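S.K.: Dumping the structure here so I can ask a few things about it.
The values are calculated or read from the model by the stated rules, or taken from the named source; none is laboratory data. Predicted, not measured: the structure shown is a model, and the values here were computed from it. Each accessible area value is taken on the protein alone, full model and side chains, heavy atoms only, with ligands, DNA and RNA left out. Shrake-Rupley method; radii C 1.70, N 1.55, O 1.52, S 1.80 Å.
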Amino acid sequence: MVGLWDFLGFSYSNSCATTKTLTSSPTYKITQASTQNQQLKPEEWRPITAEEESQIWQYILNSPLGIAALNQLAIEGFISPNCPKRFYVSQKYDSFQTLLQVKCTSPRGISIATPYQEMQIILSRFEDNIENFEVQRIYMSQ
């Protein structure tokens, strides 16, 4: 019997990582991690400048996958004045790979059974188009 997840094209395993691959080249990936093993590493990410932030918002708002990433944040309750947002760019790929970190003061998410206070979205682009993004939910240590 084919389940809804199979019908939608999701793959799942016991590792708590869910991946969705679209039939065309744009993709997105969803992963889950606990707070203890998911800290931003300065050798991988650096904070952005005000000029870079303006340009990154242009890429996000003019891309269907950028809008999809923001929609995912909204669905899970992470678009709020109580949830500060920070952008970082890759030390290796510069602004072609951007991390949007959203931390909230209270637990949120799509399930009350496993609360999380932070989401990270890694946006990868080619030229002016966001080609894929990865959603990471950072769960509270238990």
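S.K.: Just to check I understand the Karplus step: with θ = phi - 60° and J = 6.51 cos²θ - 1.76 cosθ + 1.60, what whole-Hz values come out for region 119-136, glycine and proline as x?
M.R.: Calculated HN-Hα couplings, in order: 10, 10, 10, 9, 9, 10, 10, 10, 6, 9, 10, 6, 8, 6, 8, 10, 9, 10 Hz.
S.K.: Please report the Cα spread of region 80-142 along all three principal axes, rounded to whole Å, starting with the longest.
M.R.: Projected onto its principal axes, the Cα set of region 80-142 covers 39, 20, 19 Å.
S.K.: Roll a 1.4 Å probe over the protein chains and send me the accessible area per residue for region 67-123 in Å².
M.R.: 50
S.K.: Near the amide H of residue 91, under 5 Å away, which other amide H atoms are found, from residues 5 or more places off or on another chain, if H is placed in the peptide plane?
M.R.: Amide H neighbours of residue 91: 45, 46.
S.K.: Between residue 53 and residue 82, what is 0.36 nm times their sequence separation minus the Cα-Cα distance? Round to one decimal in nm.
M.R.: Value of the extension gain: 8.5 nm.
S.K.: Aspartates and glutamates near residue 85 by alpha-carbon distance under 15 Å, same-chain residues fewer than 8 away left out - which ones?
M.R.: 52, 53, 76, 118
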